[in-house]
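First up is the structure itself, then whatever we jot down about it.
The values are calculated or read from the model by the stated rules, or taken from the named source; none is laboratory data. Owing to the predicted nature of the structure, the values given are computational and were not obtained by experimental measurement. Here the Cβ positions follow ideal geometry from the backbone for every residue, glycine too, while neighbour counts run over all protein chains shown. Side chains are part of the model used for accessible areas, which takes the heavy atoms of the whole protein and leaves out ligands, DNA and RNA. Shrake-Rupley method; radii C 1.70, N 1.55, O 1.52, S 1.80 Å.
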Amino acid sequence: MQKTRGARLLRRIWSARYLYLMFLPVFLYYVFFRYAPMLGLSIAFKNYNAFLGFERSPWVGLKYFKQFFNSFYLWRLIRNTLLINLYDLIFNFPAAIALALLLNEVQHKTFKKTVQTITYLPYFISSVVIASMMVQFLSPSSGMINNIIDALGGERQYFMTQPESFRTIYTLMNLWKSIGWNSIIFLAAISGINSELYEACTIDGGGYLRRMWHVTLPGIASTIVVLIIMRLGHVMDAGYETILLLQNNANMETSDVIGTYVYRRGLKGGEYSYATAVGMFQSVIGFAMVIFSNWLSRKYGETSLW
């Protein structure tokens, strides 16, 4: 019986061998670059020494977790990380949905493709270039924004040194960079809605707004829920790379997030065990948020990841 099942499984694999061959690079990527590095998480519980290695480094238990929880920067890091992600969820996420809804109503194909191309392009620009452009736009001496303010009779502002302006700048930068790319999945979901529903709504006297509200939005509701659940998994991850490029000593009060703190203490300071403990805390919170939001969605709605 077991041999029969094994032979049947091998035949099925062989019949789909080309599909498995296409899947192999993705599988190897996750094995070597996602799962294998998890072995290094053990140094969060050890006083890691590069010369001793993972196994021989002395065990210290929860020492570095306690050190982080007692840190002066703890609440500042958590507050900044959560607020930046909250800004992104409140402003950037609905903006991508709105763009997809508007593009879906455009009948002129050339205009539609032009708008899509223009909104997609910033996503393919390097984060370093995007950050440099923002710094240039906001420059107090020759920046485009300050030139407009000056022309209107206002005073030039030092935006990059104002802590209260950082979150707004970062959110607007992300909006410009990713709104087009993030709208792709919503456009794909909209294209799967049955066209007869639109026809029925039109026959009942529904215009653009009614079709959008009663047909399009309910049709992509499950996609929106799934993406929100996945976003909540990154609630403690604010994309430190771009933040690091915009960060300076003057705006540190609002720009310092868990990712930049890990970079500063781990890579620059050489405190590998401490940085790993902080990063592990970040990942555990994100994992817990995915589990909780999925449970909440499954209990009160019809959509969930599993």
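The conditions are (1) in a loop (DSSP other than H, G, I, E, B); (2) open to solvent by 100 Å² or more (accessible area, probe 1.4 Å), and residue 55 fails exactly one of them. Which is it?
(1)
Quick check on residue 109: is it out of contact with any strand residue (DSSP E or B) (no Cβ under 9 Å at 6 or more places or on another chain), basic (Lys, Arg), exposed (fewer than 11 other Cβ atoms within 10 Å of the Cβ) and farther than 28 Å from residue 233 by Cβ?
When the stated conditions are applied, residue 109 passes them.
Suppose we keep only residues that are in a helix (DSSP H, G or I) and open to solvent by less than 60 Å² (accessible area, probe 1.4 Å) within region 189-199. Which one would you say is farthest from residue 223 (Cα to Cα)?
As a first pass, look at region 189-199 and keep what is in a helix (DSSP H, G or I): 189-191, 195-199.
Now drop any that are not open to solvent by less than 60 Å² (accessible area, probe 1.4 Å), which leaves 189-190, 198.
Working: 189: 7, 190: 10, 198: 19 Å.
Looking at residues that are in a helix (DSSP H, G or I) and open to solvent by less than 60 Å² (accessible area, probe 1.4 Å), I get 198.
Yes or no, residue by residue, for (1) open to solvent by 70 Å² or more (accessible area, probe 1.4 Å); (2) touching a strand residue (DSSP E or B) at 6+ places or on another chain (Cβ under 8 Å); (3) part of a helix (DSSP H, G or I); (4) without any contact (Cβ under 8 Å) to a residue 40 or more places away in the chain:
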position: 180; (1), (2), (3), (4): no, no, yes, no
position: 187; (1), (2), (3), (4): no, no, yes, no
position: 201; (1), (2), (3), (4): no, no, yes, yes
position: 228; (1), (2), (3), (4): no, no, yes, no
position: 238; (1), (2), (3), (4): no, no, no, no
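Only one residue in 246, 217 is surrounded by 17 or more Cβ atoms within 10 Å (Cβ to Cβ) and either over 30 Å from residue 135 (Cα atoms) or modelled with pLDDT of 85 or more (or both). Which one?
Of 246, 217, the one residue that is surrounded by 17 or more Cβ atoms within 10 Å (Cβ to Cβ) and either over 30 Å from residue 135 (Cα atoms) or modelled with pLDDT of 85 or more (or both) is 246.
Per-residue answers, yes or no, for (1) under 23 Å from residue 227 (Cβ atoms); (2) in contact (Cβ under 8 Å) with a residue 12 or more places away in the chain; (3) open to solvent by less than 40 Å² (accessible area, probe 1.4 Å):
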| residue | (1), (2), (3) |
| --- | --- |
| 91 | yes, yes, no |
| 105 | yes, yes, yes |
| 123 | yes, yes, no |
| 160 | no, yes, yes |
| 173 | yes, yes, yes |
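Scan region 58-78 residue by residue and report those that are exposed (fewer than 13 other Cβ atoms within 10 Å of the Cβ) and assigned to a helix (DSSP H, G or I).
Hits for region 58-78 are 66, 69, 75.
So in region 1-52, with the set limited to residues that are of a type in the set (D, E, K, R) and free of Cβ contacts under 8 Å to residues at least 60 places away in the same chain, which one is least open to solvent (accessible area, probe 1.4 Å)?
Selected residue: 17.
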